Amino acid sequence: MDVDIGNALGTTPGVTTGVLDRLDDRVADAHETITDGMANDAFGYAALNLPETADPDAIRSAVDRYDDPEAVLTVGIGGSALGAATLANALDSEVDAYFLDNVDPDQARRLLAELPLSETVVNVVSNSGTTAETLANFLVVREAMDRADVDWTDRTFVTTGGEGNLRRLAEKHDLPALDVPAGVPGRFSVLSTVGLAVAALQGHDVEAILRGGADGRENLSGSLYDSPAYAYGAVSYALARRGATTNAMMPYAESLETFAEWFAQLWAESLGKDGVGQTPVRALGATDQHSQLQLYRAGPREKLVTLLRPRERADVSIPETDLEGLSYLGGSSLGELLDAEFEATEASLAAAERPNVRIEIDRVDERSLGELLYGMEAACVLYGELDGVETFTQPAVEWGKKAARGLLGGGEFEEAEAVSDKRELVVSGGR
Ligand SMILES: O=P(O)(O)OC[C@H]1O[C@H](O)[C@H](O)[C@@H](O)[C@@H]1O
């Protein structure tokens, strides 16, 4: 993975080479904190050891019992779905991967009608084992399997940490259970059982994913100039501190669209604390050139645009045409056109002095994805150290979770009155 931060310098007042040179001393200190945390397998930092500590054989032997499934359905949300979905949507497989994360009844009904339930493996994933959306969705899936006369206990395994409700459910029904390793928060768990079990079921090269992560780990060093991940983390931090409080992640590859979703959770939940942070926005090149780019180039100057692309891809040539004005396309390819669009966007942002960073991976394959995912996690951890926030917790999310449970009668929540006391200002229409 290469990260080019050249177009981020000089665009935002105060973000210059000199500023980065000075920041590099703090990067060295932060790197020391990070490596200490990793050496002690401390909470959160343990995730950066996953390329070495994950056990692909154990993952494979847990899923090998399912012979030739047509599909795998992951029931999980947030960090328990987005990593696996990123890999599944980036890599081709004959085993279809589905994700039930939201508790939208229409979505659940549609998905259950579409799934070949008797040929589907169900993977229920919750790090805490207590997330209401996941447990509710699983109860719905389980009932659908009963109705279809499918023995759900034969086709379901769970992935969980700790001793939550999901663990108890697995024990009660004797379901196979994979552990989420201790000290690994959900949004940093893609290189563990959480992200890799689905990849193994889909026949992907799990070792290569971890090899990519290991390459990313080897690239961490005490200087941002020697470490692509730290270069990205440090420049994003420097820009956010000086006003670029939005980060538009814009992959130029449909297969990486879910990666931008995974990145959004990583960046938002890890760094949005104590009144600081950088709001992640999901974009897709070239599609969003025709939708969002106007704003990125000419709107408020509070944005960093991260342009991401694979250096190589299988291409499709554009047929020759004698249509007037279109001959320049003939003989070229869709990949060449996409690359030209990428470079044009980069140049157009730079010409308007809008900060942008280029990230390139070799290609969309297991190794490069492992390296990219690891690199963004390390970038995020470094950013969190520089900004002095608690990268690995998400207390603000917990409030809403407890309030929802309280409203359903699922537990005491002392601030519940605040929930029912909400202000109303309803403007109705259409009668
Ligand atoms: O894996 P679970 O414990 O079910 O958690 C799923 C998600 O729940 C919460 O919303 C947290 O903020 C997320 O970080 C987490 O990924």
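Please give the helix 334-351 orientation as an angle from the longest Cα principal axis of the chain, in degrees from 0 to 90, rounded to the nearest 10. Compared with the principal axis, the helix lies near 60 degrees. Summarising the label geometry, the points placed 7 Å from Cα in the beta-carbon direction at Arg363 and Ser428 lie 6.0 nm from one another. Computed from backbone phi with θ = phi - 60° and the Karplus coefficients 6.51, -1.76 and 1.60, the 3J(HN,Hα) list for region 297-310 is 8, 10, x, x, 8, 10, 10, 10, 10, 9, 9, 10, 8, x Hz; x is used for glycine and proline. Residue-wise HN-Hα couplings along region 391-406, as the Karplus relation 6.51 cos²θ - 1.76 cosθ + 1.60 with θ = phi - 60° gives them from phi, are 4, 9, 10, 8, x, 5, 6, 4, 4, x, 4, 5, 4, 5, 4, x Hz; Gly and Pro carry x.
Extension gain for the segment Ala42 to Ser61, taken as residue separation times 0.36 nm less the Cα-Cα distance, is 4.0 nm to one decimal. Taking 0.36 nm per residue of separation and subtracting the current Cα-Cα distance, fully stretching the chain between Asp174 and Ser221 would add 12.4 nm. Of the peptides 143-154, 352-363, the order by per-residue mean of other Cβ atoms within 10 Å, starting with the highest, comes out as 352-363, 143-154.
When the Cα positions of Ser189, Gly78, Ala46 are compared along the charge dipole of the chain, Gly78 comes out farthest toward the positive end, with charges on each C-beta of Lys, Arg, Asp and Glu.
With the simple model of a label 7 Å out from the Cα in the direction of the Cβ, Arg211 to Asp154 spans 3.7 nm.
Would region 202-307 count as rounded, prolate or oblate if I go by the C-alpha gyration tensor, calling it rounded below 1.5 in a/c and otherwise prolate when a/b exceeds b/c, oblate otherwise? Oblate is the answer for region 202-307, as a/c is 1.5 or above yet b/c matches or exceeds a/b.
Computed extension length for Glu302-Asp2: 105.6 nm, one decimal, from 0.36 nm per residue of separation with the Cα-Cα distance subtracted.
Might you report the magnitude of the Cβ-based charge dipole of region 280-431 about its Cα centre, with Lys and Arg at +1 and Asp and Glu at -1, to the nearest 20 debye? Let's see the in-between values first.
Details: 17 positive and 29 negative charges, 116 e Å.
Using only the charged Cβ atoms, the result is roughly 560 debye.
With the chain treated as a Gaussian network of Cα nodes joined by springs under 10 Å, which of Gly222, Gly212, Gly330 yields the largest mean-square fluctuation? Looking only at Gly222, Gly212, Gly330, the largest GNM fluctuation is found for Gly330. Taking the Cα centre of the chain as origin and assigning +1 to Lys and Arg Cβ atoms and -1 to Asp and Glu Cβ atoms, the resulting dipole is close to 1500 debye. Taken as Cα centroids, region 230-253 and region 296-346 sit 23 Å apart, rounded to the nearest whole angstrom.
Using just the alpha carbons, could you tell me how many Å³ per residue the convex hull of the chain encloses? Kindly include the intermediate steps, with their values, before the conclusion.
Numbers: hull volume 84.2 nm³, N = 431.
It comes to 195 Å³ per residue, whole-number rounded.
About its Cα centre, what dipole magnitude does region 55-180 give when the only charges are +1 on Lys and Arg Cβ and -1 on Asp and Glu Cβ, stated in debye to the nearest 20? Spell out each step's value before the answer.
On the way: 10 positive and 24 negative charges, 98 e Å.
Charge dipole of region 55-180: 480 debye, to the nearest 20.
Cβ-Cβ distance of Glu94 and Glu143, R₀ of 22 Å, FRET efficiency by 1/(1 + (r/R0)^6): the value works out to about 0.20.
A simple spin-label model places pseudo-atoms 7 Å from Cα toward Cβ; at Arg405 and Ser327 they are separated by 7.0 nm.
Counting helices only, and only those DSSP H runs with n ≥ 4, report the 222 nm mean residue ellipticity of the chain as the sum of -39,500 (n - 2.57) divided by its residues, in deg cm²/dmol to the nearest 500. Don't skip to the end; give the middle numbers.
On the way: 17 runs with 197 residues, N = 431.
Mean residue ellipticity at 222 nm (helix-derived): -14000 deg cm²/dmol.
Annotation: amide H of His204 has no partner in the under-5 Å range at sequence separation 5 or more or interchain, hydrogens built in the peptide plane. Overall form of region 36-149: prolate. Here a/c, set by the Cα gyration tensor axes a ≥ b ≥ c, is 1.5 or more, and a/b is the larger of a/b and b/c.
Peptide packing: for 110-119, 6-15, the average count of neighbouring Cβ atoms within 10 Å per residue gives the ranking 6-15, 110-119, highest mean first. The lysines whose alpha-carbon is closer than 28 Å to the alpha-carbon of Lys273, local same-chain residues fewer than 8 away aside, are Lys303, Lys401, Lys402, Lys422.
Restricting to Cα pairs below 8 Å that are 6+ residues apart, what does the relative contact order work out to for the chain? Please round to a whole percent. Provide the component values of the computation, followed by the final result.
Values: 773 pairs, mean separation 95.3, N = 431.
Once divided by the residue count of the chain, the mean separation gives 22 percent.
Only one residue of Ala231, Met376, Thr393 has its Cα farthest out toward the positive end of the dipole of the chain, where Lys and Arg carry +1 and Asp and Glu -1 on Cβ, and that residue is Thr393.
We did not get these values from a lab; they are worked out from the coordinates using the rules stated. All values reported here derive from a predicted model rather than from experimental measurement. Ideal geometry is used to build each Cβ from the backbone, glycine not excepted, and the neighbour counts take in all protein chains shown.
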